[in-house]
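In what follows, a structure is listed as structure tokens, so that the remarks can point back to it.
The values are calculated or read from the model by the stated rules, or taken from the named source; none is laboratory data. Because the structure is predicted, anything quoted here is derived from the model rather than measured. Here the Cβ positions follow ideal geometry from the backbone for every residue, glycine too, while neighbour counts run over all protein chains shown. For accessibility, only protein heavy atoms count, side chains too; no ligands or nucleic acids. Shrake-Rupley method; radii C 1.70, N 1.55, O 1.52, S 1.80 Å.
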Amino acid sequence: MASYSVISHLAIRKQIEETNPAVTVENKEINNELFEQTDELLRNVPSLTEEPHNISQAISTILLKLNEICHDLITKKHYRTSFAFAIFNKIFKIYIQILDLHLFVDAILHYDPKRHVHLLRKLLDIENHYDFDKLIQQTSIKGQRELFFSLLKQLDSSAKLISYLQNNLNTNLDTDRILINSCSSVLYTMLKVLNRIQITITDDDLEKYQSPLLTSIIRFMNDYFKNKEYLRVNERNNKKLMTVILRFIVNLTAKILTLRIFINIDYPQTCLSWLSLSYLNATGYLLIICTLKDIACHDEGVIVLNKLNCAEIVHQFKNEALNVHIDFIIDRNMREIASQMLDLILVLIVDPDVLFVEEVNSDAINQVLSTTINTSVSLTFRNEWFHLSELLIGLMKLCTNDNILDFILQKNGCLRFFLTTLRTLLLDIGEKNIDDVDIGLEVLAIMALGNILWSISFHDGYKNDLIQNIDLIKLLEELRESDTLNYTLSYIYIPQQMSSLRRAIDGIRHNLQLYYLRNQKINLTLYDILSAIPKLSISVDFNTGKYLWKDIVETLAQADLIVFLLSKDFFYDKSCRQELIYVTDKLKSLFFPIFIDQNFKSTGWLHKRIARLKSIQFDKTNPISTCEELLSKINEHLYMNISLVRNSLDIKQWSDKEVKEWFMKNDILPELDEFYQFRNGNELLLYAKAILAYPWINEYERIRTRFAEKFQQKNQNLTREQFLQFINQLKILDKQVYFN
């Protein structure tokens, strides 16, 4: 449990409460006194077992003192939320420690069971009395992580709580009923706090809690749901506890990277079995369905759910429970939410080809599309049950089927919706801090949209619309090169069907086959070669149609030299004509024309402006000669001395020794070189091209277990950060132009 000294330094970004200066000193003295009291109690608990004959009395005394402290926190108004939260956490740490003492029940009977119940209620009252929610939200990510795992560790280490979750306590025994009340209250209140914390969690983080804690929680819920039909005692409290537990599990499974843990403990099977029960309430069903939705977002989850006939169970629930369950009949909004999540599950787990031909699934496609559009209008790109990213991943999978893609795009405004949503996300992410909540999910949504646009770019009927918004590709390029993408990719789960942003961008470019503005291949070839020259600063315009003329003018005015790539498409493009005329007639800037189409001859307005100039013919078979000719003209007119000198060292010819030197020079874990055993530079480059075409996390997950086994004697594991360093250097190697 984090101590007060930790809590008070959780990097609160904004003060929550103002303190009256007149009572600051007095409040400080009272706070210190209360803090010292809880600290003393915390120090005394471990020593209770040293005097067994007095342990019952000592526990009673501690409980009495805790009651007084809780009463103070609730009734007195001068405590800051941060201080109250620190004391609240200390009280729980003390309570859980004495809960595990073997004479705890005897002490309660000695202390007064009713007063003990009042103490448990006061603990919950404190949690409701102060705005802990706001405090946690304004705490640093590091502070939230420390708090989360501190609380989780306390739950996991309590023998009594685990025994309660494993249903080892007898409700017919008075002594066990005291423990049941204590454990349920502690569990309920602590999980409410845990549910407020929004942090990134991976399967590695949760692995140590898989057993006994998470396994026991799942067992506890399963026993309750299977016997709920016959339960009558404390049903209201049981329902509240089950809801907060389900929310806790939903918060964990929503991280996606944690799902391996839940698959290991057969949680998908358990959730599907709960859907067959007819007597749960609507909130319970929604939380169970939400968990299944999260599981369906994971590739391993899809495999497991299909083996369990999930699609059949989903259809059965839609056709039966949604239409006859009293909660869904009364609350049509809950029914609609359940239906939306169930349809997304179908889209995520059923093969698109199968989904399209089976009439029973026809409504699912429309439903997911409609839900996506409705969710996109939220300022946070989410509602209580969905984030836009998971819906777009569903649509991304659908769009791999050409028939479904046509079906979606024939709906009025759908292509415009994809383009507008992508632009909105890119603008929003540009204003966020790298550690903001949900930034990883927004990156995932952008990657999904990039993949969707790639699928669309295969269809000639939509290419003009994409060309009119080609500036989005430039924005995607900027994101791809940013620290934001590199940082977030290390902690978000990327489905195997989702190609990397780089691959999607390249795919869109290839399909659109742009010349100048529409032929990027030549443009990028020249750019890649010339941008490697330190003395040159190059700006490339990929826009066409929808662009800001003001931005174009500023770029042109600042340039020392402008190069136009001429072709038939250039001649007939109004935007290109406007730019060239502005350069020649208004700015009168130095410019060079390069003909990229040998069959094109200039006429009319173009010939009039370039006839006096010696043009350059682009040689597709030898672009270096074109660049050398251009540099010769630059040297002549700008009085510079630039040349391309081929680097004598060809990476493909590297020996295994030179490959090892590359690993060392770039601070890459040397065991990675030993693991892959590249024999020469060519093997290294071939690996780079193969691995960079897909999300790097897939390769990391594929090799990390084998890596750990290979270097078991060294006790060397491979972290995401170490592998990402390798990937980043491969990117540099792959795109490097070997000229100086």
> Any idea which of L392, L426, L405, L422 is crowded, with 23+ Cβ neighbours inside 10 Å and either β-branched (V, I, T) or part of a helix (DSSP H, G or I) (or both)?
Replying inline: L392
>> Need pairs with beta-carbon distance below 9 Å; first residue farther than 18 Å from I703 by Cα and within the stretch 658-682, second of a type in the set (V, I, T) and part of a helix (DSSP H, G or I); sequence gap 6+ or separate chains.
In response: E658/I651; W662/I651; N666/I732; R679/V659; N680/V659; G681/I651; G681/V659; N682/I651
> Has the stretch 454-469 got at least one residue that is open to solvent by less than 10 Å² (accessible area, probe 1.4 Å), under 18 Å from the mean Cα position of the chain (by Cα) and either farther than 26 Å from S370 by Cβ or not small (G, A, S) (or both)?
Replying inline: no
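Listed here are the residues, each with its yes/no results for (1) more than 17 Å from C271 (Cα to Cα); (2) within 26 Å of the chain's Cα centre (by Cα).
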site	(1), (2)
C310	no, yes
K318	no, no
N323	yes, no
I329	yes, no
L344	no, yes
>> Considering only residues that are over 28 Å from T603 (Cα atoms), open to solvent by less than 40 Å² (accessible area, probe 1.4 Å) and at pLDDT below 70, which ones fall in the stretch 530-566?
In response: A532
>> Condition first: among the β-branched types (V, I, T) and either under 19 Å from E40 (Cβ atoms) or not in a helix (DSSP H, G or I) (or both). Now tell me which residues in the stretch 79-99 satisfy that.
In response: I87, I91, I94, I96, I98
> Could you say whether any residue in the stretch 117-136 is of a type in the set (S, T, Y) and part of a helix (DSSP H, G or I)?
Replying inline: no
> Between a first residue in the stretch 100-129 that is within 21 Å of V45 (Cα to Cα) and a second residue that is assigned to a helix (DSSP H, G or I) and among the aromatic types (F, W, Y), which pairs have beta carbons less than 8 Å apart while being 6 or more apart in sequence or on different chains?
Replying inline: L123/F88; L123/F92; L123/Y95
> Are any of the residues in the stretch 488-498 among the aromatic types (F, W, Y), closer than 25 Å to T603 by Cα and modelled with pLDDT of 75 or more?
Replying inline: no
> Only one of D294, D327 is of a type in the set (D, E, K, R) and either within 18 Å of I393 (Cα to Cα) or outside any helix (DSSP H, G or I) (or both); which?
Replying inline: D294
> Here are some conditions: (1) open to solvent by 50 Å² or more (accessible area, probe 1.4 Å); (2) closer than 20 Å to K153 by Cβ. F92 meets all but one. Which one does it not meet?
Replying inline: (1)
>> Condition check: free of Cβ contacts under 8 Å to residues at least 24 places away in the same chain and surrounded by fewer than 16 Cβ atoms within 10 Å (Cβ to Cβ). Does Q713 satisfy that?
In response: yes
